[in-house]
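First comes the structure, then the notes that go with it.
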Amino acid sequence: MSHVSTLTPASVAEPEPESCTQERAQLSTAAAMGSALGLFAAARLLGVAALAPVAWATGRNPLALLGRSWDSLWYLGIVVHGYGRNLSFRPGVAMSDFAFFPLYPALVRAVTAVSPLSGGASGLVVSWTAAAVAACGIYAVGARLHGRAVATALVLLWGLLPHSVVLTMAYTEPVLTACAAWSLYAVLGGRWLWAGALAALAGLARPNGFAVAAAVLAAAAYEVFTRRGKVSHRLWTGAALAPAGWAAYVLWVGHRTGDLLGGYFEVQRLWGSRFDFGRGSLQFVRQLLLHGDRFVFPMTMVIVAAAVLLYALLVADRAALPLLVYSGVLLLIALGGSGFFGSKPRFLLPAFPLLLPLARALVRTARARPAHATVVVGALAGLSFCYGAYLVVIADTPL
């Protein structure tokens, strides 16, 4: 017979330290984010694999197409020679490299300085790395708001957009989206300094990077209003930092061109790009409907119309204010800007919050009817891969 004092109660376990619990949660989150990133990488690699035989069939190198197409050539010129290049095609149309913001060429120059890679290859390294960072940021935003399943679906949908081939090209959209996603994540968590600093970087990446600053400023204003001004100095500092990058570059171009406040906007006007409240876009659509055109432009109309519908769903879903402002400003710029109609889907690529209603619907479908969700994802992948190859290799339209 055993004495009670010699027995070890197996049913009673010592409580796990809080640090261990937190560590396990962090590892679980990292694993889930890694899975989402893996799906995104698989989607984009399959897209490149679908593009490659089409490029080879036309006698061209797929990596050269991805690294040296359209705007990529302008950025590479800035990397090698700095700013100051101008091309005149006809009276009233003068294209200046001042239209291109400096963050991306600075990153490409840094890669070329520390590696033996060429400019085009370095551009792809920067874009692919930024796309991965952006995918992680998009996952973080989705997981914070709606859980891991929706976050994973959100990342996958972003990688399977019809025009997501741009994410594997030497373009600036991945850099902007990376800064934007993590800035929005910081805003949602009340980390104002990080939000402002990342918004400033977004403003140095692209002209429409100002949308990130607008989201930070709107969130800060709401916080000040609801707390009746009783906020920390970090909020004021973050709000001040947010538009600094965009404003600094615009003023620098103004200084270089001799018109401090209007110089940059004159550069854009000479490119044929200006904000005219959509008049130029409506005229283009009218011409397209009356006379028809290549496949790119009708597809652009469908994508832009879908973006408007998704934004309405995002508003109806009462999404967080920073997401609404950020997506709304990007959509407003795309709709209201004239020139380069076929580029509008690319301008909307960073507007990942628009995909939240679709991601939630996809998760619900996957839980109720997994086969249906698989068919939907497969159809999106087929469209994305085929249309991406068409855009890069066949269509003679600026991206």
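Quick look at the numbers
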{"read-out": "Surrounding net charge for L362, when Lys and Arg each add one and Asp and Glu each subtract one, Cβ distance under 15 Å", "value": "+4"}
{"read-out": "Per residue accessible area of segment 356-399, 1.4 Å probe, in Å²", "value": "52 Å²"}
{"read-out": "Shape box of segment 336-399 [Cα atoms, principal axes, largest first, Å]", "value": "44, 28, 12"}
{"read-out": "Accessible area of segment 44-189 divided out per residue, in Å², using a probe of 1.4 angstrom", "value": "37 Å²"}
{"read-out": "Structure-based [θ]222 nm, the chain - -39500 (n - 2.57) summed over DSSP H runs of at least 4, per residue, nearest 500", "value": "-22500 deg cm²/dmol"}
{"read-out": "Length released on extending from D396 to R228, taking residue separation times 0.36 nm less the Cα-Cα span", "value": "55.0 nm"}
{"read-out": "Rounded percent of accessible protein surface that carbon and sulfur make up, segment 170-280, 1.4 Å probe", "value": "64 percent"}
{"read-out": "Karplus-derived 3J(HN,Hα), 6.51/-1.76/1.60, for each residue of segment 248-264, Hz, glycine and proline x", "value": "5, 5, 4, 5, 5, 5, x, 5, 5, 8, x, 9, 4, 8, x, x, 5"}
{"read-out": "Cα convex hull volume per residue for the chain (Å³)", "value": "226 Å³"}
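The values are calculated or read from the model by the stated rules, or taken from the named source; none is laboratory data. On a predicted model such as this, the values are computed, not experimentally measured, just so you know. Note that each Cβ is placed from the backbone with ideal geometry, even for glycine, and that neighbours are counted across all protein chains shown. All accessible areas refer to the heavy atoms of the entire protein, side chains included, with ligands and DNA or RNA removed. Shrake-Rupley method; radii C 1.70, N 1.55, O 1.52, S 1.80 Å.
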